[in-house]
Amino acid sequence: MKKYAIGADIGGSHISCAVIDLEKGNIIRESFATQAVDNQASAEDILENWTIALKKSLSFITKDQLAGIGFAMPGPFDYPNGIAMFTESVAKYQSLYSIKVSKRIKELIGLSSDSDVRFMNDASAFAIGEVWCGKASNVDRSVSITLGTGFGSAFVDNGVVVVDRDDVPKMGCVWHLPYNGGIADDSFSTRWFIKRYAEKANIQTTGAKDIADRAAIDPIAKEIFVEYGSHLGEFLAPWLKKFQAEALVIGGNVTGAYKYFGIPFETALKKQHVATVIHISDHMEDASIIGSARMFDPEFWEKIRPLLSKM
């Protein structure tokens, strides 16, 4: 096995990547690179910006040391075949629709035939990173969620994501499940904060951070976080119990406001007798980078490869 892989996390407005030591499971910190990306740009512009960051990370090792590049990629995406499936309804990266991203990245970087490009759902990659070297590394069963632009989630049992079993939802995630007259993603992503604060305060904001900045002196902002935490606990509790999760790891930008929604969240879980231990991720985005690179651990790859089509 080659010693190094590059892990890359694709966000709505940027790419972050770094070289990962596959033997130790840690980031080569000086290789970390990030690049702003306009998700409404042309396909070539998006791929070129991704490549700029990847080449910066790659400059810290030689190509013959590289096992490959792993992407933590939001959906919809054909993960096994490396083909983007973003449509107008997703409102990001639509120009990549039907493009075989794996092939284009190989061409742009000039990778040899023995260096692969692989893709995993971004929430699954975050969960794998936390299991490999984060807050979930000392338990068998964990759930990881990311609270931000979207509501990401993954269930992990003995180091591998669970996507098709009776004790997890369809696709092994919860964003699409019915909740409060819509789906969970409507209630637990950034756009809920913007909509709810506008309803209660008649003020337009940019997102959860903007509202959190007001919460110390604005009772409406504080009330919204209490509502958010209570509802999140109410929604997650049955699944944490059903999966018998030993740990719940929380990441994403909204976790910066945990001091405002953490107590009502944990109170709601206790009301439903959930014994799961709650952790805030230390790694955050790094967990997704580490998790995506783990696809180049041969033993792990054999386990995760059959599951990619179900993410």
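Looking at the range 72-89, which of its residues are within 15 Å of ILE46 (Cβ to Cβ) and assigned to a strand (DSSP E or B)? MET73, PHE77, ILE83, ALA84, listed by residue number. What are the pairs with Cβ atoms under 6 angstrom where one residue, in the range 36-57, is in the same structural domain as ILE10 (by TED's automatic domain parsing) and closer than 15 Å to SER13 by Cβ and the other, located anywhere, is basic (Lys, Arg) and surrounded by 15 or more Cβ atoms within 10 Å (Cβ to Cβ)? Sequence gap at least six, or different chains. Listed by first residue and then by second, the contacts come to ASN39/LYS92. Just checking, which of LYS103, LYS92 is part of a loop (DSSP other than H, G, I, E, B), assigned by TED's automatic domain parsing to the domain that holds THR51 and surrounded by fewer than 24 Cβ atoms within 10 Å (Cβ to Cβ)? Sole residue among the options that is part of a loop (DSSP other than H, G, I, E, B), assigned by TED's automatic domain parsing to the domain that holds THR51 and surrounded by fewer than 24 Cβ atoms within 10 Å (Cβ to Cβ): LYS92.
How about the range 185-243: which of its residues are within 21 Å of LEU269 (Cα to Cα), without any contact (Cβ under 8 Å) to a residue 40 or more places away in the chain and charged (D, E, K, R)? Hits for the range 185-243 are ASP185, ASP186, LYS222, GLU223, GLU227, GLU234, LYS241. Of the helices (runs of 4 or more DSSP H) entirely within the range 202-311, those holding at least 2 residues that are over 30 Å from GLY7 (Cβ atoms) occupy 208-215, 219-243, 258-271. If the condition is being part of a helix (DSSP H, G or I) and touching a strand residue (DSSP E or B) at 6+ places or on another chain (Cβ under 6 Å), then the range 122-155 contributes ASP122, ALA123, SER124, ALA125, PHE126, ALA127, GLU130, VAL131. The single condition among (1) over 21 Å from PHE155 (Cα atoms); (2) surrounded by 17 or more Cβ atoms within 10 Å (Cβ to Cβ) that ALA216 does not satisfy is (2).
Residues in the range 1-35 that are loosely packed, with under 13 Cβ neighbours inside 10 Å and in a strand (DSSP E or B) were compared, and the one that is farthest from the chain's Cα centre (by Cα) is GLU30. From the list ASP140, ASP122, ASP38, the lone residue that is surrounded by 16 or more Cβ atoms within 10 Å (Cβ to Cβ) and acidic (Asp, Glu) is ASP122. Reported count of residues in the range 236-263, each being in contact with a His (Cβ under 9 Å, 6 or more places away or on another chain) and more than 19 Å from GLU285 (Cβ to Cβ), is 3.
Can you confirm whether the range 109-121 contains a residue that is assigned to a helix (DSSP H, G or I) and not aromatic (Phe, Trp, Tyr)? Yes: the range 109-121 contains one or more residues that are assigned to a helix (DSSP H, G or I) and not aromatic (Phe, Trp, Tyr). Out of the range 260-304, which residues are among the basic types (Lys, Arg) and more than 18 Å from the chain's Cα centre (by Cα)? The answer is LYS270, LYS271, LYS303. All of (1) surrounded by fewer than 17 Cβ atoms within 10 Å (Cβ to Cβ); (2) more than 20 Å from ALA136 (Cα to Cα); (3) in contact (Cβ under 8 Å) with a residue 24 or more places away in the chain hold for GLU246 with one exception: (2).
The values are calculated or read from the model by the stated rules, or taken from the named source; none is laboratory data. Since we're looking at a predicted model, the values are computed, not measured. Glycine also receives a Cβ, built like all others from the backbone with ideal geometry; neighbour counts cover every protein chain displayed.
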